[in-house]
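> Once you've had a glance at the structure underneath, I'll fire off some questions.
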Amino acid sequence: DESVAVRFTATVTRAGKTMVLSCVSENAEATVEGVALVEGDADVIAAASTKGIDESLYQGPEFPELAEDLQESFTVYLQEDLGIDG
C-alpha cells in the first residue's frame, strides 16, 4: 500500500519569537523540509499564512543548503522533542 504525503506546519514560540517548521509526513515518518525564525506569536503567524513559510520572512540559507547534520537535527527535534512522529 502506498501512503499519501501530508504537508503540515509546526510552530514553537518562546520569548516572542516563533520557529516555523515546514514538514511532511510520509510512510509513517515526519520530516522537516524548511525552517524559519520569525518575530511574533504562533497564532498571529498561522492566521497570516495558511501556505506554510512565507519566503519573504526567511533571511538565511535555503534549507537544503544547510549542513546535513543540522537538517537531521531539525527532524530529530520534531520527532523526539515535539512528539510528532508521522
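The values are calculated or read from the model by the stated rules, or taken from the named source; none is laboratory data. If you're wondering where the values come from, they're calculated on a predicted model, not measured in any experiment. Every residue, glycine among them, receives a Cβ derived from its backbone with ideal geometry; neighbour counts consider all protein chains shown. Calculation scope for accessible area: heavy atoms of the full protein, side chains included, ligands and nucleic acids excluded. Shrake-Rupley method; radii C 1.70, N 1.55, O 1.52, S 1.80 Å.
> For A10, which of the numbered conditions (1) closer than 14 Å to F74 by Cβ; (2) among the aliphatic types (A, V, I, L, M); (3) at pLDDT below 85 fails to hold?
All conditions are met except number (3).
Yes/no matrix, rows are residues, columns are (1) modelled with pLDDT of 90 or more; (2) of a type outside the set (G, A, S); (3) open to solvent by 40 Å² or more (accessible area, probe 1.4 Å):
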residue: E33; (1), (2), (3): yes, yes, yes
residue: D41; (1), (2), (3): no, yes, yes
residue: G52; (1), (2), (3): no, no, no
residue: Y58; (1), (2), (3): no, yes, yes
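> In the range 13-30, which residues are out of contact with any Leu (no Cβ under 7 Å at 6 or more places or on another chain) and open to solvent by less than 40 Å² (accessible area, probe 1.4 Å)?
Residues of the range 13-30 out of contact with any Leu (no Cβ under 7 Å at 6 or more places or on another chain): 13-16, 18, 20, 22, 24-29.
Selection gives T18, V20, S22, V24, S25.
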